[in-house]
1. Given a cut-off of under 8 Å on Cα pairs at least six residues apart, what relative contact order in percent is computed for the chain?
2. Quick one: check the C-alpha center-to-center distance for region 184-236 versus region 69-131, whole angstrom.
3. Pairs on different chains or at least eight residues apart, Cα atoms closer than 15 Å: how many lysine pairs in region 3-235 fit?
4. Could you grab the Rg to Rh ratio for the chain? Cα atoms only, Kirkwood for Rh.
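Rule-based calculations on the coordinates, nothing more; no lab input. Owing to the predicted nature of the structure, the values given are computational and were not obtained by experimental measurement.
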Amino acid sequence: MRLLTFATLLVGTASVVICTVAQAAPPLRVTLHYDVSRNGTVMVGAVETLKHDGHSYSIESQWEGKGLLALSTRGKATRSSVGNIGARGLAPIEFRDKRGDGPLAVARFNWAKKLLIRERDGRTKSEPLPEGAQDRLTFAYGFAFAPPASGAVEFSVNVADTRGLSRNRYAIAGRETLKTEAGEFEALKVVKQREPGDSRETEIWFALKRDYLPLRVLVIEKDGTRLDQVVTRIES
C-alpha cells in the first residue's frame, strides 16, 4: 500500500446523526502539523490549515515525504475543501485532491439538486448526494463546529470524495490522555466499526479542550502494518 493512500483513510466526524444543534467554533485560523509514520518510521510530514468566519470555511492539507520519499513526487499530496457553515456544521461545496504528479480530481456538492459531481481523468460522473454528506477534510473537523451529543455512543456519516461515496459507522470509545510532541491532551477516542469485507482497523483521537481538533489517526492494515498520523504542533 502506498503511504499517501493513507490520506484517503483519515477519518473524523462532521455533520453526523449525533451532533448537537448548538454550534461550536474553533479559532478563525488554526494550523496543525503532523508526522505520519509507517510501522514507527516517520515517512511524511503533513500540514493542515482551517480558516473560517463563522459563515464559510476553507481547509487546506499539504503532505510531503521525508527522507528518500522527499525526492519523489509520489511523496506529495495536496487537498482542499471550501464550503459553508450551517446549523449542523460544515457543508462542503468543493473538494480538490491532487497526488504527486497525477491529475487534479474534484468533487462538487450541488445541494440544490442533491447531486455529487465528480471530475477525474477528464471524466465527469454524478450520483445522489445524501443530506449531511462530508468530504475527506470536513470529515476530520466536523466536531470542531458540531460536537457530539452528551451520552452518544455511536454515529454514522456519509463521506464523499473524488472516487465516490461511502457510509461509515463509529463507536465512541471514551476518553484518554494522549501524549504528543504538541503536548498532553485529554482526548475523545472513536473507533470505526468494521463492516463485512473491511480489513482495516481505524481509531481517531480528538482534543476535548481544544475544539475537538483531530490529534491522531491510527490505521492498522490486515497484515499488521500500522499507519499513524500524530500531531506535533498546533498554531492559532
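1. Over the chain, the number comes to 22 percent.
2. 22 Å
3. Summing the qualifying lysine pairs gives 8.
4. Ratio of gyration radius to Kirkwood radius: 0.94.
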